[in-house]
Amino acid sequence: MTAPNSDPETFAGHLENAVQAGTLISAVLSRPKNRQESARKITVSPLKIRGELLYQFAHRYDREETHENVTAEAVSERLQELIGTRYRDCHLMTTTADYQLRLNKKGHAKLSQSPPSHTSSLVTDHNRRKQHLIPDGEPCDFLAAIGVMTAEGRVKANRQRKFRQINRYLELVEHIIPSLPKDGPLNVVDFGCGKSYLTFALHHLLTKIHGRVVSIVGLDRKTAVLADCQRIASRLGLRGLRFEEGDIAAFDTNEPVHLAVSLHACDTATDDAIAQAVRWNANVILAVPCCQHELARKITPDWLAGMQQHGILQERLATLLTDSLRAKALEAVGYRTQVVEFIDMEHTAKNVLIRAVRREPTSENQQEAFREYQQLKQTAGLDEIYLDSVLDWASLSLD
């Protein structure tokens, strides 16, 4: 330890005791002294492999994550070599207490203690894999084609997060399968599909897992990206999947749309996708909004001023308000809505998915939802927003 006071030594004692007693849940090292040479964060957690207790060091860099397993005998010494010398912050979680050690640039340390976040051990048995809809260890053609998995079925180390994201997405889609037509082809439009990792995953879920005939259109404005996606689809022989260049607001189809998807469409593009899906009377709408800038500059009430003095808080306030209005608007036009976590916040701040399922219209319920929508706007000091301009409220006789 390099800090000049006893805090690091006391922290090291807590660490050693936790390892010896088997009460260590995790340790997180952050704020590296040299970002060029060190991972930006290291997370240490216990796991069992074939009955042996080990500690996994997950080194998180900007674009990849590496893993290293260390024996219980070596974990304390290994951590103490890193704390203070290479990392300024360490958060230690045990079943009896949480400890936070922070060192400033001059090497002065501050140690704080708080009640435990968890009171039971969270040791992971590495040999008991989570049951994913697409399992690790089983070859999957589209995952190999997009570089997430090897041809033998092993998920690549630097693609673990993408693998988890894909499976989380499929879990959320799985919940709405009963709300789609049970017979005939399923028509899907994926707005802003980008590299189409999740579009390919959706095709896999519907065709390979559920055995449905599909017509899926991936829509985006990036010609080169779409060409790559089409090459992969053609090479793998993925029937019923095609990619088209175009804008969300301009795209239309003569076929009924059963599922409309909009993942990470920027700012009001999500509203365009929602409005288009509503016009199609889509059975299900899935939207993961992104970059909600519109309302950040429109929120005016004095009582909210304290939440807008800092950019990050203003951004989050606008995000919460925007997504709340979208969910309530969808209820007003005849959908049952849920706002659920897409993937853990550790992976991305864009972690909210709005899931809307069309239900039998009930005028009273829709009018009540519309009143709540208008009240929420009024409370935030909002007049007309972009969503109002693309949803035809007058045709619904709600206003």
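Every residue, every condition in (1) free of Cβ contacts under 8 Å to residues at least 60 places away in the same chain; (2) in contact with a helix residue (DSSP H, G or I) (Cβ under 7 Å, 6 or more places away or on another chain); (3) basic (Lys, Arg); (4) surrounded by fewer than 13 Cβ atoms within 10 Å (Cβ to Cβ), yes or no:
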| site | (1), (2), (3), (4) |
| --- | --- |
| LEU53 | no, yes, no, no |
| ALA58 | yes, no, no, no |
| ALA74 | yes, no, no, yes |
| HIS91 | no, no, no, no |
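Write out, first by first residue and then by second, each pair whose Cβ atoms fall under 8 Å of each other, whose residues are 6+ apart or on separate chains, and whose first residue, in the stretch 212-236, is closer than 17 Å to LEU202 by Cα while the second is assigned to a helix (DSSP H, G or I) and among the small types (Gly, Ala, Ser).
From the stretch 212-236, the pairs are ILE232/ALA145; LEU236/ALA145.
Please indicate, with yes or no, whether at least one residue in the stretch 265-274 is farther than 30 Å from ASP388 by Cα and either out of contact with any His (no Cβ under 9 Å at 6 or more places or on another chain) or of a type outside the set (S, T, N, Q) (or both). Walk me through how you get there before you give the answer.
The initial filter retains those residues of the stretch 265-274 that are farther than 30 Å from ASP388 by Cα, namely none.
There is no residue in the stretch 265-274 that is farther than 30 Å from ASP388 by Cα and either out of contact with any His (no Cβ under 9 Å at 6 or more places or on another chain) or of a type outside the set (S, T, N, Q) (or both).
If I filter the stretch 50-57 for residues that are touching an Asp or Glu at 6+ places or on another chain (Cβ under 6 Å) and assigned to a helix (DSSP H, G or I), do I get at least one hit? I'd like the intermediate steps shown before the answer.
Let us first name the residues in the stretch 50-57 that are touching an Asp or Glu at 6+ places or on another chain (Cβ under 6 Å), namely 57.
Pick out the ones that are also assigned to a helix (DSSP H, G or I) and you get none.
No - not one qualifying residue is present in the stretch 50-57.
Going through the stretch 289-336 one residue at a time, which ones are within 17 Å of VAL390 (Cα to Cα), at pLDDT 80 or above and of a type in the set (A, V, I, L, M)?
Passing the criteria: LEU325, ALA327, ALA329, LEU330, ALA332, VAL333.
Restricting to the stretch 136-164, name every residue that is in contact (Cβ under 8 Å) with a residue 60 or more places away in the chain, buried (at least 16 other Cβ atoms within 10 Å of the Cβ) and over 24 Å from SER234 (Cα atoms). Step through it out loud before you land on a result.
Applying the first criterion (in contact (Cβ under 8 Å) with a residue 60 or more places away in the chain) to the stretch 136-164 yields 140-142, 145-146, 157-158, 160-161, 164.
Next, from what is left, pick out any that are buried (at least 16 other Cβ atoms within 10 Å of the Cβ): 140-142, 145-146, 160-161, 164.
Listed by number, the residues that qualify are GLN160, ARG161, ARG164.
Can you tell which of ARG60, ARG88 is under 30 Å from the mean Cα position of the chain (by Cα), over 13 Å from VAL44 (Cβ atoms) and basic (Lys, Arg)? Steps first, answer last, please.
Values: ARG60 fails: over 13 Å from VAL44 (Cβ atoms).
Of the residues listed, the single one that is under 30 Å from the mean Cα position of the chain (by Cα), over 13 Å from VAL44 (Cβ atoms) and basic (Lys, Arg) is ARG88.
Taking the criterion of being outside any helix (DSSP H, G or I), over 20 Å from SER262 (Cβ atoms) and in contact with a Leu (Cβ under 7 Å, 6 or more places away or on another chain), would at least one residue in the stretch 197-210 satisfy it?
First pass over the stretch 197-210, keeping only residues outside any helix (DSSP H, G or I): 210.
Narrowing the set further to residues that are over 20 Å from SER262 (Cβ atoms) leaves 210.
Add one more test, that the residue is in contact with a Leu (Cβ under 7 Å, 6 or more places away or on another chain), and what stays is none.
The answer is no; no qualifying residue exists.
Name the single residue, out of those in the stretch 358-382 being of a type in the set (Lys, Arg) and not in a loop (DSSP other than H, G, I, E, B), that is modelled with the lowest pLDDT. Lay out the reasoning, then the answer.
Initially, the stretch 358-382 is screened for residues of a type in the set (Lys, Arg), giving 358-359, 371, 377.
Among the residues that remain, those that are also not in a loop (DSSP other than H, G, I, E, B) are: 358, 371, 377.
On the way: ARG358: 92, ARG371: 92, LYS377: 89.
Across the stretch 358-382, the extreme among qualifying residues is LYS377.
Among the numbered criteria (1) surrounded by 15 or more Cβ atoms within 10 Å (Cβ to Cβ); (2) of a type outside the set (Ser, Thr, Tyr); (3) part of a helix (DSSP H, G or I), which single criterion is violated by PRO178?
(1)
Please enumerate the residues belonging to the stretch 93-113 that are modelled with pLDDT under 85 and exposed (fewer than 15 other Cβ atoms within 10 Å of the Cβ).
ASN104, LYS105, LYS106, GLY107, HIS108
Do we have SER38 as surrounded by 15 or more Cβ atoms within 10 Å (Cβ to Cβ), at pLDDT 85 or above, in contact with a strand residue (DSSP E or B) (Cβ under 9 Å, 6 or more places away or on another chain) and closer than 15 Å to TYR61 by Cβ here? I'd like the intermediate steps shown before the answer.
Values: surrounded by 15 or more Cβ atoms within 10 Å (Cβ to Cβ): yes; at pLDDT 85 or above: no; in contact with a strand residue (DSSP E or B) (Cβ under 9 Å, 6 or more places away or on another chain): yes; closer than 15 Å to TYR61 by Cβ: yes.
Answer is no for this residue.
Does the stretch 250-258 include one or more residues that are outside any loop (DSSP other than H, G, I, E, B), among the aliphatic types (A, V, I, L, M), out of contact with any Leu (no Cβ under 9 Å at 6 or more places or on another chain) and at pLDDT 85 or above? Spell out the reasoning first.
Going through the stretch 250-258, the residues outside any loop (DSSP other than H, G, I, E, B) turn out to be none.
Looking through the stretch 250-258, none of the residues is outside any loop (DSSP other than H, G, I, E, B), among the aliphatic types (A, V, I, L, M), out of contact with any Leu (no Cβ under 9 Å at 6 or more places or on another chain) and at pLDDT 85 or above.
Give me the pairs: first residue in the stretch 27-43 and charged (D, E, K, R), second residue assigned to a loop (DSSP other than H, G, I, E, B), beta-carbon distance under 7 Å, and six or more apart or on different chains, which are they?
Filtered contacts from the stretch 27-43: LYS33/ARG86; ARG40/TYR61; ARG40/ASP62.
Any residue in the stretch 269-292 that is farther than 22 Å from ARG316 by Cβ and among the charged types (D, E, K, R) sitting within a Cβ distance under 8 Å of a residue that is at pLDDT below 90 and in a strand (DSSP E or B)? List the pairs, counting only those 6 or more apart or interchain.
ASP272/ALA265
So which of LEU238, LEU186, LEU206, LEU202 ends up being crowded, with 19+ Cβ neighbours inside 10 Å, within 29 Å of GLU64 (Cα to Cα) and among the aliphatic types (A, V, I, L, M)?
Values: LEU238 fails: within 29 Å of GLU64 (Cα to Cα); LEU186 fails: within 29 Å of GLU64 (Cα to Cα); LEU206 fails: within 29 Å of GLU64 (Cα to Cα).
Being crowded, with 19+ Cβ neighbours inside 10 Å, within 29 Å of GLU64 (Cα to Cα) and among the aliphatic types (A, V, I, L, M) holds for just one of LEU238, LEU186, LEU206, LEU202, which is LEU202.
May I ask you to verify whether TYR61 is hydroxyl-bearing (Ser, Thr, Tyr) and more than 30 Å from GLY147 (Cβ to Cβ)? Break it down into steps so the answer makes sense when it comes.
Numbers: hydroxyl-bearing (Ser, Thr, Tyr): yes; more than 30 Å from GLY147 (Cβ to Cβ): no.
No: the conditions fail for TYR61.
Could you please let me know if GLU245 is assigned by TED's automatic domain parsing to the domain that holds ILE354, farther than 30 Å from LEU376 by Cβ and in contact with a Ser or Thr (Cβ under 9 Å, 6 or more places away or on another chain)? Lay out the reasoning, then the answer.
Values: assigned by TED's automatic domain parsing to the domain that holds ILE354: yes; farther than 30 Å from LEU376 by Cβ: yes; in contact with a Ser or Thr (Cβ under 9 Å, 6 or more places away or on another chain): yes.
It is true that GLU245 is assigned by TED's automatic domain parsing to the domain that holds ILE354, farther than 30 Å from LEU376 by Cβ and in contact with a Ser or Thr (Cβ under 9 Å, 6 or more places away or on another chain).
The values are calculated or read from the model by the stated rules, or taken from the named source; none is laboratory data. If you're wondering where the values come from, they're calculated on a predicted model, not measured in any experiment. Positions of Cβ are generated from backbone atoms using ideal geometry, with glycine treated the same way; all protein chains shown enter the neighbour counts.
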